[in-house]
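The values are calculated or read from the model by the stated rules, or taken from the named source; none is laboratory data. Keep in mind that this is a model prediction, so the values were computed, not measured. As a convention, Cβ positions derive from the backbone with ideal geometry for all residues, glycine included, and neighbour counts pool all protein chains shown. Surface accessibility is based on the protein's heavy atoms, side chains included, excluding ligands, DNA and RNA. Shrake-Rupley method; radii C 1.70, N 1.55, O 1.52, S 1.80 Å.
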Amino acid sequence: MLRQYVIGNWKMHGSVGQIRSVVRELLRAGLGTNVALCVPYPYIALTKSLLMEAESALQLGAQDVCEYHIGAYTGEVSAAMLADVGCEMVIVGHSERRRYFGESSETAARKVRAALDGGLFPVYCVGETLEQRQSGIARDIIAEELQVLAGVPTSLYAVAYEPSWAVGTGVVATPEQIAEMHAFIKGTLDARTRVLYGGSVKGDNAGQVLAVDGVDGVLVGGAALSAAEFLDICREAR
Ligand code: PEP
């Protein structure tokens, strides 16, 4: 069985100094290939060089990718560029991209395709808002978002179930809610699909989340900024 993933999403946080100190502390713990860091674009090369210096197995990722392969798209970064600077994976369709940048599932579908074409492993995020959950349409929303992955072989991606009411809020979905949605996602796609949970995972709740049936790992935002907290989460991965 594959080890549970722990993927850190730094969002738009960090600095050269912070990357150096957090990554060096993580490196001292000797983490394996089941752990990844998705840092802001400007810090990818620096993080890569720190990982290489230490011959670390830790994986490197980006938080977004352009849907186009190459060309006059000012401000964008292609999958080939990310692979070129050492990324292995990329987060696609994060709820913050959907909410603040109007990213649709159609755009996310093109980004998943671009990531795969560029040799990257997409971690595709799905999840409902609180209103959608309260109106009883959470499964419909997720089923619609999962259509993005139609026809893509299961082994080439992971899904992150991230209810937006749990992302960055300090509210964690209950084990029952997580188990139910992970089973729904695997039932819709394929039983072998790797499904991560994301939403306010911290050192003190990671054990409980990672013990839930059907949880193949966690996507961690805020808690990934602290090496000590992130390491506490990594220690809970089976
Ligand atoms: C995320 O950014 O994907 C996330 C889950 O954030 P947080 O852990 O801060 O809720």
Which condition number does Ala72 fail, the rest of (1) more than 16 Å from the chain's Cα centre (by Cα); (2) within 16 Å of the ligand (Cβ to nearest atom) being met? (2)
Identity of the residue in segment 99-144, within 15 Å of the ligand (Cβ to nearest atom) and farther than 22 Å from Gly8 by Cβ, that ends up most open to solvent (accessible area, probe 1.4 Å): Leu130
Given the conditions (1) buried (at least 21 other Cβ atoms within 10 Å of the Cβ); (2) more than 10 Å from the ligand (Cβ to nearest atom); (3) among the hydrophobic types (A, V, I, L, M, F, W, C), and given that Leu196 satisfies all but one, which numbered condition is not satisfied? (2)
Can you name the number of the only condition in (1) within 21 Å of Ala223 (Cβ to Cβ); (2) at pLDDT 95 or above; (3) of a type in the set (A, V, I, L, M) that Val16 fails? (1)
Being closer than 20 Å to Val123 by Cβ and either free of Cβ contacts under 8 Å to residues at least 60 places away in the same chain or surrounded by 15 or more Cβ atoms within 10 Å (Cβ to Cβ) (or both) narrows it down to one of Gly14, Gly30, so name that one. Gly14
Filter segment 204-238 down to the residues that are open to solvent by less than 30 Å² (accessible area, probe 1.4 Å), in contact with a helix residue (DSSP H, G or I) (Cβ under 7 Å, 6 or more places away or on another chain) and within 12 Å of the ligand (Cβ to nearest atom) and list them by number. Ala206, Val209, Val218, Val220, Ala223, Ala224, Phe230, Ile233
Can you tell me how many residues within segment 165-184 are open to solvent by less than 40 Å² (accessible area, probe 1.4 Å), part of a helix (DSSP H, G or I) and within 16 Å of the ligand (Cβ to nearest atom)? 3
